[in-house]
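S.K.: This is the structure I have questions about; it appears just below.
The values are calculated or read from the model by the stated rules, or taken from the named source; none is laboratory data. Model, not experiment: these values are computed from the prediction. Ideal geometry is used to build each Cβ from the backbone, glycine not excepted, and the neighbour counts take in all protein chains shown. Just so you know, the surface numbers come from the protein's heavy atoms only, side chains and all, with ligands and any DNA or RNA stripped out. Shrake-Rupley method; radii C 1.70, N 1.55, O 1.52, S 1.80 Å.
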Amino acid sequence: MRWTVHGERTLHDTPWVRLRSLDVEQPDGARTDYHVVRLRDLAVTAAVDERQRVLMMWRHRFVTDTWARELPMGLVEDGESPAAAAARELEEETGWRPEAVRELIYAQLAAGITDSQHFVFRADGARRIGEPTERNESDRLEWIPLADIPGMIARREIVSSATLVGVMALLLDLKV
């Protein structure tokens with residue numbers, strides 16, 4: 001059931017989104033054009049403190065016009081490791097610097113249409129070093145008890161897929 005890619009051409013290209021048309025051959029031999037969105041990889045950070053709370057941002061996403069809680073996250077820059085990006089994003093968006101980060105889970109956003117990879121890290125031993133340098137990220141930061149996360153998910157206070165994957169993996173990580 002493997003598909004074969006015979007070629008790829010650019011339909012639209014920006015630093016954030018690359019839309020491509022792929023010439024693919026399906027397993028039954030049919031050939032067709034298939035549109036793919038190529039996105040940069042994403043690093044997500046779940047900072048946990050000694051009281052079993054996770055640092056989350058309250059933010060507005062204008063594309064969907066929704067307010068929700070999110071973990072700090074951002075694009076992995078060229079030449080940067082996902083772990084370094086996770087630590088950098090945590091510091092830029094929250095003003096907290098992690099002592100250490102370790103990979104918590106890996107996910108693909110929507111493998112049937114995009115190649116974006118999500119790397120979620122757990123950060124322990126974070127210390128506040130100052131104000132966030134990214135001023136357009138969130139209205140407020142809050143340390144949320146991990147026990148509150150399931151209810152927040154049920155109430156749709158957490159809706160970002162990257163954040164959902166991260167907090168659910170974090171809850172599973174606690175049980176291991």
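S.K.: Quick one: in the stretch 115-133, of everything that is more than 19 Å from P82 (Cα to Cα) and in contact with a helix residue (DSSP H, G or I) (Cβ under 6 Å, 6 or more places away or on another chain), which residue is surrounded by the most Cβ atoms within 10 Å (Cβ to Cβ)?
M.R.: The qualifying residue surrounded by the most Cβ atoms within 10 Å (Cβ to Cβ) is P132.
S.K.: Here's another thing I want to ask about it. Check the stretch 29-48 and report whether any residue there is among the polar types (S, T, N, Q) and modelled with pLDDT under 95. So that I can check it myself, show each step before the final result.
M.R.: Of all residues in the stretch 29-48, those among the polar types (S, T, N, Q) come to 32, 45.
Filter again for modelled with pLDDT under 95, leaving none.
No, that holds for no residue.
S.K.: Please go through (1) out of contact with any Leu (no Cβ under 8 Å at 6 or more places or on another chain); (2) in a helix (DSSP H, G or I); (3) open to solvent by less than 60 Å² (accessible area, probe 1.4 Å) for T163 and return the number of the only condition it doesn't satisfy.
M.R.: Of the numbered conditions (1) out of contact with any Leu (no Cβ under 8 Å at 6 or more places or on another chain); (2) in a helix (DSSP H, G or I); (3) open to solvent by less than 60 Å² (accessible area, probe 1.4 Å), the odd one out for T163 is (1).
S.K.: Scan the stretch 145-159 and give yes if some residue there is surrounded by fewer than 18 Cβ atoms within 10 Å (Cβ to Cβ), among the acidic types (D, E) and modelled with pLDDT under 95, otherwise no.
M.R.: No, the stretch 145-159 contains no residue that is surrounded by fewer than 18 Cβ atoms within 10 Å (Cβ to Cβ), among the acidic types (D, E) and modelled with pLDDT under 95.
S.K.: Considering T14, T32, which residue is more than 22 Å from the chain's Cα centre (by Cα) and hydroxyl-bearing (S, T, Y)? Don't jump to the end; show me each part of the working.
M.R.: On the way: T14 fails: more than 22 Å from the chain's Cα centre (by Cα).
Being more than 22 Å from the chain's Cα centre (by Cα) and hydroxyl-bearing (S, T, Y) holds for just one of T14, T32, which is T32.
S.K.: Still on this structure, please answer the following. Just checking, which of R38, R102 is in contact (Cβ under 8 Å) with a residue 12 or more places away in the chain, touching a helix residue (DSSP H, G or I) at 6+ places or on another chain (Cβ under 9 Å) and charged (D, E, K, R)? If you could, list the steps in order and put the result at the bottom.
M.R.: On the way: R38 fails: touching a helix residue (DSSP H, G or I) at 6+ places or on another chain (Cβ under 9 Å).
When all the criteria are applied, what remains is R102.
S.K.: Might you check whether a residue that is part of a helix (DSSP H, G or I), hydrophobic (A, V, I, L, M, F, W, C) and touching a residue at least 60 places away in the same chain (Cβ under 8 Å) occurs anywhere in the stretch 126-146? Step through it out loud before you land on a result.
M.R.: Our first condition is that a residue be part of a helix (DSSP H, G or I); within the stretch 126-146, this holds for 146.
Next, from what is left, pick out any that are hydrophobic (A, V, I, L, M, F, W, C): 146.
Those still in the list that are touching a residue at least 60 places away in the same chain (Cβ under 8 Å) too: 146.
Yes; the residues of the stretch 126-146 include at least one that is part of a helix (DSSP H, G or I), hydrophobic (A, V, I, L, M, F, W, C) and touching a residue at least 60 places away in the same chain (Cβ under 8 Å).
S.K.: Determine whether S138 is open to solvent by less than 50 Å² (accessible area, probe 1.4 Å) and of a type in the set (S, T, Y).
M.R.: yes
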